[in-house]
Amino acid sequence: MKRRITKIPFMIAYSTKIKKLPGTNYGEVREHALYLYNQIKKRTKRRPYIRSAYFKKDKIFFDYFWSHLGQKGPKERFKRLKYFTATLEVIKNSRNHPSSKQNPNKLSEILHRFAGLTKDKELFYVQIKEDKRSGKKYFMSCFSPD
């Protein structure tokens, strides 16, 4: 199954029913995020994944998220991890079209960027990488535009 890359001039943000993760430091936020991640991990014997509504219930794997997050500085990790629960809701439920483009560094990949709004109306983005050859999709990161 091939998905065409379309240029959409604007993205419609998916409004979540979830606030950002609570916590005043990285340790507290990480504890909440790991609890949620372990709930997902318990459902399978192999690689953890969630199913995406936009990609017709295809699996989105977490292979790259934690290593990508580890490459960031402590403040940036804290800011990104606050959006983890809202990100999971966007991946699961959003049917809004993402901004999709070919990865300029690796032509065999497509990068999909979904927009989301938390319950407090804070904008954030979710980035998913798709391997063209195998069709597998990987959750890369979540971040706020500021």
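Bear in mind that the values in this text are calculations on the coordinates, not laboratory data. Just so it is clear, the structure is predicted and the values come from calculations on it, not from any experiment. Positions of Cβ are backbone-derived with ideal geometry, glycine not excepted, and every protein chain shown enters the neighbour counts.
Packing order of peptides 47-54, 67-74, highest average first: 47-54, 67-74 (average count of other Cβ atoms within 10 Å over each peptide's residues).
Using only the Cα atoms of the chain, construct the convex hull and provide its projected area averaged over every direction, in square nanometres to one decimal.
Values: hull surface 36.0 nm².
Averaging across all directions leaves 9.0 nm² for the Cα convex hull.
With neighbours defined as other Cβ atoms within 10 Å of a residue's Cβ, the residues Val90, Val29 order from fewest to most as Val29, Val90. For the chain, the longest principal axis of the C-alpha atoms and the axis of helix 26-42 are separated by about 50°. Neighbour counts of other Cβ atoms within 10 Å put Glu89, Glu31, Glu130 in the fewest-to-most order Glu31, Glu89, Glu130.
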